[in-house]
Amino acid sequence: MLKLRKKAYMQLPGNEINIPFFFQRCWLIFIRTSVRCPVRAVSAGPARMPLLICRHIINNGKEQSNMKRITISVLFAMTACSWIHAQHTLTVKVNEPKASIQPTMWGIFFEDINLGADGGLYAELVKNRSFEFSKPMMGWTVLGKPLTEGDFTVLNRLQQNSANPRFLRVTLHNNTKGSIGLNNEGFRGMGIKKDLRYDFSVLYRQTAANVKMYVELVNEKGEHIGGGAVATSFSGAEWRKQTLSFNATAAAMKAKMNIWFEGDGVIDLDMVSLFPEDTWKKRPGGMRADMVQLLADMKPGFIRFPGGCIVEGFDLSQRYQWKKTIGPVEERQLIVNRWNFEFPHRAAPDYFQSFGLGFFEYFQLAEDIGAEPLPILNCGMACQFNSAELVPLDQLDPYVQDALDLVEFANGDADSKWGKIRAAMGHPAPFHLKLMGVGNENWGPQYLERLKIFTKAIKAKYPDVKLVNSSGTDPNGARFDYLNTELRSMNADIIDEHYYRKPEWFFSNAKRYDNYPRTGSKIFGGEYAAQSDKTVSVDNKNCWLTALSEAAFMTGLERNADVVSMASYAPLFAHIDGWQWTPDLIWVNNLQSYGTPDYYVQKLYSLNKGTQVVPITLNNEVVAGQDSLYAAACIDAKTNELIVKLVNASAKEQTNTISLEGVKKLAAQASLTVLQSDNLYSINSFDQPQKVAPKESAMAVKGKKINLVAAPYSFSVFRVKMM
Ligand code: AHR
């Protein structure tokens, strides 16, 4: 029997470890002790096992040296947790609501990082469509042999068009079709779907209509998979937009686009573009539908945009300026993406912001998916990890004006200055902006000085707009303490806290907000993600352990919904061939996308948000790590349901009796959704996108005591109607 138990233990995550003989001996001694004294063994266990597992994951590959740091007590605790089948009674006081859960509680954080926008959510397939990258021909290759030097030239009309100064001039000398052309490589190739319609467009001009253009898509082998002739019959000094639509004859993950020229003369080209027909809501020039669908499926309470550090920029010239991201796309001024060069080990020299996805589109996206828009604005500070440039206080006005104008753009009448632009873009009705962030992850007295100026001006004109303020980069330490104290004394509406920490931090911080002040500033967990290795490490994985630790931590956010009004995981998207930062909630390639285990945790919380927190206790204490259990409970007043969320972070199955007080009767059938894996290292992938995914079942309910068996390493959501 001892042998069997030892075998079971060795199959637990972490047990690929080659346990030194000394520890094995301790383990055996412990087994003998614990058999005689199981109670003591259990009490040694609470919350310790996750720590051990995390430590192993974090040092994966260095098990031998890691073992030196494993203490006997943790080993004992782990052993105890692994085979004592515990039985608990969790009491839920259904008629004692403790706090209202804000509709904004669970949301999403969007930033153009990891090819999140260009090359990702923004469905444009042509890279550097307007030749505005620092290297104007990046992404483009000349095909064939131009006859003379200068047959392909980049012209710059900065004086006439400062937003989109460059265009390409092609000169032909009686060229036959196929003799010269251009190739665009797309963003890590172009994802093409068989039989789908593709919409090509270009701005062109030519003094005489002598040049013909042909577009073709080619697959990885260079085979033709669609295209056609572009009508270029207009001549004159004006720019004309010409379109061509065609169906792809085959699929390709990494196709490219060729443009072939024929004739004699000169043609100027700009805004060379290709979009799939199947964008979100079939909007021309729109977003990738599969990616938006994953967001819509979460029913998020809010969407924060456009970041993230991208708000701040490397220096102030590269900050995000919303006014340059609206109106016709050819008038939106491209700038470099700060993630282009932030991490030399993950450099993306072709990463720029075309702003095809701009503030109008973000507001529209928010509306589409039923999320409150939360724009974050630059507060006159460039990223403090980079240049840390500051706008002098006496020159802050334009920045503050941008904030005031944004409220008018979102909410103003269609005849107001900025509301008119919104209406002209197709949205006369307001977007109902209620939240705005001033500064991203800024810190120090310089931040507070600027924040005060913004706050005074915004509150004077728009007192109902709630402002999100930064508490810096970390959830603790001197910077945080300083800002937290100061912001509270300023009566900040909402304080944005960021936690990129190891899973063990998430497990052990499930009570973080239990002792926060109940009045005054609300908390926005604005960016968080468990790091299986360490922050900004390329080895971080979105594995089941990270997700489980977030689920455990989030029970504490929900329990403290009177303090925490919003939370969002970050970053949101990553392209498998173009990421800079990991972990990320959703991974994509050119054609597919999948949610990580962390995504499913976020989704389950959001879909089971509830309206009021109700107490759930174990031995009269909140359930936050005892025997590796974490729990939160709420009711949904709209549907009259009770929702219990339960995390079992141990390797053992745990039987829990949920004892309900303050309820007359329950429906005979409840629903149970379980996210579970026996392997804490499990990840989802393009091949196995649902390896860790929720499974739903119906559960019979009798009386007011519910038997909830929590599988090892599981996150369960139980929902029942109250009669
Ligand atoms: O989410 C990635 C980055 O982490 C964000 O841009 C920044 O706000 C934080 O440091």
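The values are calculated or read from the model by the stated rules, or taken from the named source; none is laboratory data. The model shown is predicted, which means the values in this text are computed figures rather than measured ones. Cβ coordinates were reconstructed from backbone atoms using ideal geometry, including for glycine residues, and neighbour counts include every protein chain displayed.
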### Task
Take the residues in the stretch 292-314 that are away from the ligand (no atom under 16 Å from the Cβ) and in a loop (DSSP other than H, G, I, E, B), then tell me which one is surrounded by the fewest Cβ atoms within 10 Å (Cβ to Cβ).
Lys299
### Message
One residue is enough: does the stretch 171-178 have a residue meeting the conditions closer than 30 Å to Met287 by Cα, assigned to a strand (DSSP E or B) and not hydroxyl-bearing (Ser, Thr, Tyr)?
### Response
no
### Query
Wholly within the stretch 351-454, which helices (runs of 4 or more DSSP H) include no fewer than the required count, namely at least 1 residues that are at negative phi and in contact with a strand residue (DSSP E or B) (Cβ under 8 Å, 6 or more places away or on another chain)?
359-368, 397-411
### the stretch 517-537, residues that are under 26 Å from Ala347 (Cβ atoms), β-branched (Val, Ile, Thr) and either over 17 Å from the mean Cα position of the chain (by Cα) or surrounded by 15 or more Cβ atoms within 10 Å (Cβ to Cβ) (or both)
Val536
### Message
Going by what's in this entry, would Leu404 be described as surrounded by 20 or more Cβ atoms within 10 Å (Cβ to Cβ), under 29 Å from the mean Cα position of the chain (by Cα) and away from the ligand (no atom under 16 Å from the Cβ)?
### Response
no
### Summary
So the strands (runs of 3 or more DSSP E) completely within the stretch 487-590 holding 2 or more residues that are within 15 Å of the ligand (Cβ to nearest atom) and more than 17 Å from Asn114 (Cα to Cα) are 494-501, 522-530, 564-569
### Query
Could you say which residue among Ala371, Ala348 is touching a helix residue (DSSP H, G or I) at 6+ places or on another chain (Cβ under 6 Å) and touching a residue at least 40 places away in the same chain (Cβ under 8 Å)?
Ala348
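Let's see how each residue does on (1) surrounded by fewer than 16 Cβ atoms within 10 Å (Cβ to Cβ); (2) at pLDDT 95 or above; (3) assigned to a loop (DSSP other than H, G, I, E, B); (4) more than 30 Å from the chain's Cα centre (by Cα):
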position: Ser65; (1), (2), (3), (4): yes, no, no, yes
position: Pro97; (1), (2), (3), (4): no, yes, yes, yes
position: Leu125; (1), (2), (3), (4): no, yes, yes, no
position: Val142; (1), (2), (3), (4): yes, yes, no, yes
position: Gly150; (1), (2), (3), (4): yes, no, yes, yes
### Query
Are any residues in the stretch 199-223 assigned to a strand (DSSP E or B) and within 20 Å of Phe187 (Cβ to Cβ), and if so, which ones?
Asp199, Phe200, Ser201, Val202, Val215, Glu216, Leu217, Val218
### Task
Go through the stretch 243-263 and count every residue that is surrounded by fewer than 17 Cβ atoms within 10 Å (Cβ to Cβ) and either of a type in the set (Val, Ile, Thr) or over 17 Å from Val230 (Cβ atoms) (or both).
5
#### Entry: Members of the stretch 598-652 that are within 13 Å of Glu558 (Cα to Cα), outside any strand (DSSP E or B) and small (Gly, Ala, Ser)
Ser606, Gly610
### Task
Return the only residue of Asp627, Asp598 being within 16 Å of the ligand (Cβ to nearest atom), among the charged types (D, E, K, R) and either within 30 Å of Ile310 (Cβ to Cβ) or buried (at least 20 other Cβ atoms within 10 Å of the Cβ) (or both).
Asp598
### Summary
Considering residues that are buried (at least 24 other Cβ atoms within 10 Å of the Cβ), more than 15 Å from Leu451 (Cα to Cα) and not hydrophobic (A, V, I, L, M, F, W, C), the number found within the stretch 373-394 is 1
### Query
Do we have any residue at all in the stretch 492-514 that's farther than 18 Å from Ala567 by Cβ and without any contact (Cβ under 8 Å) to a residue 40 or more places away in the chain?
no
### Query
Could we say that Val266 is assigned to a strand (DSSP E or B) and surrounded by fewer than 23 Cβ atoms within 10 Å (Cβ to Cβ) here?
yes
